[in-house]
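S.K.: The structure is given below, and queries will be raised subsequently.
Nothing in this text is a laboratory measurement; each read-out follows from the coordinates by a stated rule. Predicted, not measured: the structure shown is a model, and the values here were computed from it. Neighbour counts run over all protein chains shown; Cβ positions are idealised from the backbone, glycine included.
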Amino acid sequence: MILTPQAAKYSPATAICDLPGLSDPVRPAQFPRHIMRFRNDRWAQSVGLDDLDDARWIAHFGRFEPLEGSLKEPLALRYHGHQFRVYNPDIGDGRGFLFAQLRDHLGRLMDLGTKGSGQTPYSRFGDGRLTLKGGVREILATEMLEALGVHTSKTFSLIETGEALERNDEPSPTRAAALVRLSHSHIRIGSFQRAAALEDEALLRGLTDYALKRLYDAQPGPNPAAQLLALVVARTADLAASYMIAGFVHGVLNSDNINITGESFDYGPWRFTPFWEPGFTAAYFDHQGLYAFARQAEAIHWDVAQLALSLRALSDTEPLVDALNRFPELYADAMRRRFCWRLGIAQTGAEDVATLMEAAVRGLMETRTPIDRFYFDWRGGSLRTAEAEGRYGAPEWAPFRERIAGSANPAAADHPYWRGDAPCSMHIDEVEAIWSAIDERDDWSVLDRKIEAIRLMGAAHRDISLAA
């Protein structure tokens, strides 16, 4: 469920260069200062870059000097996409680029992509910059999601750049930063939409072949388009379920924000909902609740349908429809599996787990019990303290208590984290408090302590693997 980074030798790659017409070479911005704020040595070791000293780190991830053997110049990727269900052909990497490719400890092709690294041909009216607050928020999102088993990009580096930015939706001027992400692909559903819209069948075939061979390690079969769609459907159904079990709301699930590998990325107005509130939204501009907590599976399924439409030039319709129609079934499977994983109990029959999960959701909604508190209290399938017993004595919890009886798995709670007083959560008040400490006092210790707490929680979940 949670991939643990392992040491690897540096192994550069340039596979993206096999896709002409997908990107434009760009130049990174020149920044007045370079102050190291975060370097992810846990994941740097997985791609053989943990031995870089701070000066070399800043040279590569602040000044963007090429990594030896990888891309000679950054590439801004071209793509289209549906944004809140409205098609937009005028987008692309507007404040970031693909900086390098390399292989991880599993031999997987990985991308180092940026955010806030300067203007590109797709910046439109933007300055190509990232606020330091946005970078801190992305660290918190990716660390928390990784700990909760979500397949997410990793925040690899954050360097403050010494610029003062003007923003209309937050106090300005505000500090700026350049962020680097590590992810298993920089290619989105919107990349396929663009190729289809331009009727560029060669690029569409190239993208399909690239995704199958380079990203899924699969050999193309008789119908590569349907083959790829089936893989994407499975990955994105699991992604949607992982958001729900984590209590996470991405905020902007546009088709250009859905990675072809089903890996979560691009964190703007994200939130973790404290309670199981179906209508909870993360983006203040999502007036219709299109990407609300309980609508995320619907939104992701809709986006994947746009991939299916884009692939029609390469396949008959029926195989694509068949692959797409498996999404609800795979989503339900993933919900049951991930629910049992976070609860720390063995997965039994599908009907039994579904009934247990329904009882849990009913209890959470009717009593407004915090989501993280619920999983913490019931870890291993039984309540561990008298205080916890008191929280679940209401009649609304009776169906769940009845169904969870007999599921005790003490080994799942055998980690110091589970003996704490409260779960590690990530709600908006704490996010703002962490940023305030940095903004007002330049105190980064609060962020450091939070990352330490999150990683402890991740280790507690990693100790027991009850799900495929």
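S.K.: Once you have the Cα-Cα distance between E318 and E452, take 0.36 nm times their residue separation minus that, and quote the gain in nm to one decimal.
M.R.: 43.3 nm
S.K.: Output needed: percent of Cα pairs per 10 Å distance bin for the stretch 190-334, bins running from 0 to the one holding the longest distance.
M.R.: Calculated P(r), rounded to whole percents: 12, 41, 31, 14, 2.
S.K.: Here's another thing I want to ask about it. Sort the stretch 344-462 into rounded, prolate or oblate with this rule: let a ≥ b ≥ c be the square roots of the eigenvalues of the Cα gyration tensor; rounded if a/c is under 1.5, and if a/c is not under 1.5, prolate when a/b is larger than b/c, oblate otherwise.
M.R.: Prolate, since a/c reaches 1.5 and a/b exceeds b/c.
S.K.: If packing is taken as the average number of other Cβ atoms within 10 Å across a peptide's residues, how do 294-306, 194-206 rank, most packed first?
M.R.: Final packing ranking: 294-306, 194-206.
S.K.: Please give, to one decimal in nm, the separation of the simple spin-label points placed at Q83 and R167, each 7 Å out from Cα toward the Cβ.
M.R.: Those two pseudo-labels are separated by 1.7 nm.
S.K.: If you don't mind, another one. What percent does the relative contact order of the chain come to when contacts are Cα pairs within less than 8 Å and at least six residues apart?
M.R.: Working: 908 pairs, mean separation 64.5, N = 468.
Relative contact order here is 14 percent.
S.K.: What is the fewest-to-most order of Y216, Y122, Y79 by other Cβ atoms lying within 10 Å of their Cβ?
M.R.: Ascending Cβ contact count within 10 Å gives the list Y216, Y122, Y79.
S.K.: D54 versus T348, label points 7 Å from Cα toward the beta carbon: distance in nm?
M.R.: 5.5
S.K.: Let me ask another. Which FRET efficiency value, to the nearest 0.05, is calculated for Q6 and H427 with the Förster distance at 35 angstrom and r the Cβ-Cβ distance? Could you put the intermediate results ahead of the total?
M.R.: Numbers: r = 32 Å, r/R0 = 0.92.
E(calc), rounded to 0.05, equals 0.60.
S.K.: Grab the beta carbon distance between Q30 and L309, set R0 = 51 Å, and tell me the FRET efficiency rounded to 0.05.
M.R.: FRET efficiency, Q30 to L309: 0.80.
S.K.: Can you flag which of K9/K72; K115/K154; K115/K213 are past 22 Å Cα-Cα?
M.R.: In this structure, K115/K213 exceed 22 Å between Cα atoms.
S.K.: Something else about it: Averaging sequence separations of C-alpha pairs under 8 Å and six or more residues apart, then dividing by the length of the stretch 370-442, give the relative contact order as a whole percent. Show your work: numbers first, answer last.
M.R.: Numbers: 35 pairs, mean separation 29.9, N = 73.
Averaging sequence separation for qualifying contacts and normalising by length gives 41 percent for the stretch 370-442.
S.K.: I would also like to ask the following. Gap in Å between the Cα centre of the stretch 401-468 and the Cα centre of the stretch 1-76?
M.R.: 29
S.K.: Can you tell me the relative contact order of the stretch 161-237? Whole percent, Cα pairs under 8 Å, sequence separation 6 or more. Mind showing how you got there, number by number?
M.R.: Values: 47 pairs, mean separation 11.8, N = 77.
With pairs under 8 Å counted, the relative contact order is 15 percent.
S.K.: Another one. For the chain, what does -39500 (n - 2.57) per DSSP helix run (n ≥ 4), summed and divided by total residues, give at 222 nm, in deg cm²/dmol to the nearest 500?
M.R.: Result for the chain: -12000 deg cm²/dmol, rounded to the nearest 500.
S.K.: To continue, here is another question. Cβ neighbours within 10 Å, averaged per peptide: list 257-270, 448-461 in order, most packed at the top.
M.R.: 257-270, 448-461
S.K.: Among all helices in the chain defined by DSSP H, which have a length of 27 Å or more along the axis from Cα atoms plus a Kyte-Doolittle mean of at least -1.0? It would help to have the intermediate numbers written out before the result.
M.R.: Details: long enough: 224-246 (33 Å, 1.24).
Passing helices, by number: 224-246.
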